[in-house]
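The values are calculated or read from the model by the stated rules, or taken from the named source; none is laboratory data. No experiment lies behind these values; they were computed from the predicted model shown. Glycine gets a Cβ as well: all are built from the backbone with ideal geometry, and neighbour counts include every protein chain shown.
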Amino acid sequence: MCGMKRGILYILSCFGALSSGVALANWEYSGEYTYDVSYYDNGGRTAVSLRGGASYAMAKMQNDADSVVYSFCVNSDGVFDLPGDDGECAAGFVYAGTGKLSSLGMDRLRGLNFSAGISLGWILPDHPQWRLEIGWDTFSDVDYNKTPLFSGSMALSEGYTLSNFPVGGVQSTMATDVVSVMAFYDFFDGLYKPLHQMVPYVGIGVGYGDTKTVMSLFDPTGDLAFENLKDFGQLEDGVIHFYRATTNTTNIVGVGALGISYGLNEKFFIDFGARVFYLPRVKYQLVNSDDTRRLDWFSAKNLIYANVMLGIRFEF
């Protein structure tokens with residue numbers, strides 16, 4: 001019995017020593033605990049994304065050359081001709097009336113190009129399915145090279161119709177930059193995006209677009225040698241050699257997006273998506289030698305960039 005009591009006293013003394021040691025340790029190494037039971041992760045994050053891929057541009061081209069008005073003569077066989085330098089019709093021809101160059105049609109713009117973008121975003125606290133982003137997207141040159149530039153039928157003021165009238169040619173490029181604000185919705189439940197599985201998303205937004213067009217207009221047949229166009233080029237042997245013209249057009253841009261993301265870990269996501277950008281109008285203008293006069297020549301109406309891009313997104 002005495003031995004048992006001594007054993008119990010020994011064990012109690014050991015526990016006492018350990019307790020004293022712990023108390024001493026707490027007193028000597030004061031500081032904050034790393035675990036806080038009051039901490040709550042509301043799902044809010046900052047997001048940075050980079051993307052790049054291919055784009056397809058398409059637009060209806062509109063003839064804006066309202067300032068050019070032709071006068072025509074016609075003979076009994078229905079052959080049309082331009083009046084002479086004195087404004088008179090040749091023998092056997094009668095006056096057929098006037099017609100505007102702007103009544104002729106144009107081919108649509110279609111072209112592949114490259115696109116890239118970067119965005120800074122915020123994932124909303126307590127609503128992590130929603131992302132808001134400020135982004136910049138750039139689209140490389142889209143060529144529009146056509147000969148003839150304008151063609152089709154022209155209705156004349158005296159009731160005649162001139163068919164298949166081709167005029168001029170052009171070599172041109174178009175490049176665009178867009179700064180946008182967008183809202184995205186990721187389709188998942190809970191506060192955290194699931195990892196190692198596809199998470200679809202949709203997005204919509206509005207932006208500000210700046211488009212630069214570079215145009216070289218040429219007229220080898222002299223059909224554009226009009227007095228009101230001579231300031232926009234140099235006249236040689238009855239043909240105007242037009243100046244190369246650069247024009248910037250700004251637009252309010254509508255943006256839509258859809259895609260899927262795949263989380264490799266909590267901070268790193270692979271993003272595969274498609275975006276559509278809508279621009280109401282982009283101008284191509286003639287310019288004089290010192291850029292003090294400009295003249296609308298044609299424009300891209302209802303321009304759409306449809307792009308498919310692969311990107312990465314960091315959330316932290």
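Of note:
- All conditions in (1) within 19 Å of the chain's Cα centre (by Cα); (2) buried (at least 18 other Cβ atoms within 10 Å of the Cβ) hold for Phe272, with the sole exception of (2).
- Taken over segment 112-152, the criterion of being hydroxyl-bearing (Ser, Thr, Tyr) and either farther than 20 Å from Gly168 by Cα or touching a residue at least 24 places away in the same chain (Cβ under 8 Å) (or both) is satisfied by Ser115, Ser119, Thr138, Ser140, Tyr144, Ser151.
- Considering segment 67-88, the residues that are free of Cβ contacts under 8 Å to residues at least 40 places away in the same chain, of a type in the set (A, V, I, L, M, F, W, C) and assigned to a strand (DSSP E or B) include one that is nearest to Trp136 (Cα to Cα), namely Val69.
- Filtered residue count, segment 65-97, keeping only those that are surrounded by fewer than 18 Cβ atoms within 10 Å (Cβ to Cβ) and either under 30 Å from Ala306 (Cβ atoms) or polar (S, T, N, Q) (or both): 4
- The set of residues in segment 234-248 that are touching a residue at least 40 places away in the same chain (Cβ under 8 Å) and either outside any strand (DSSP E or B) or not aromatic (Phe, Trp, Tyr) (or both) comprises Tyr243, Ala245, Thr246, Thr247.
- Residue match in segment 209-218 (condition: at pLDDT 95 or above, touching a helix residue (DSSP H, G or I) at 6+ places or on another chain (Cβ under 9 Å) and assigned to a strand (DSSP E or B)): yes
- Inter-residue pairs, beta-carbon under 7 Å, first more than 26 Å from Gly273 (Cβ to Cβ) and in segment 204-228, second aromatic (Phe, Trp, Tyr) and surrounded by 14 or more Cβ atoms within 10 Å (Cβ to Cβ), 6+ apart: Thr213/Tyr284; Met215/Tyr284; Leu217/Phe242; Leu217/Trp297; Phe218/Phe242
- Scanning segment 260-269 for residues that are of a type in the set (Gly, Ala, Ser) and surrounded by fewer than 21 Cβ atoms within 10 Å (Cβ to Cβ) yields a total of 1.
- Within segment 41-66, residues that are under 23 Å from Ser140 (Cβ atoms) have Cβ atoms under 6 Å from residues that are aliphatic (A, V, I, L, M) and part of a loop (DSSP other than H, G, I, E, B) in these pairs: Met61/Met106, counting only partners at least 6 apart in sequence or on another chain.
- All positions within segment 178-194 that are among the hydrophobic types (A, V, I, L, M, F, W, C) and either exposed (fewer than 13 other Cβ atoms within 10 Å of the Cβ) or touching a Leu at 6+ places or on another chain (Cβ under 9 Å) (or both): Val178, Val181, Met182, Ala183, Phe184, Phe187
- Scanning segment 258-316 for residues that are closer than 15 Å to Leu195 by Cα and not in a loop (DSSP other than H, G, I, E, B) yields Ile260, Ser261, Tyr262, Gly263, Phe268, Phe269, Ile270, Asp271, Ile312, Arg313, Phe314, Glu315.
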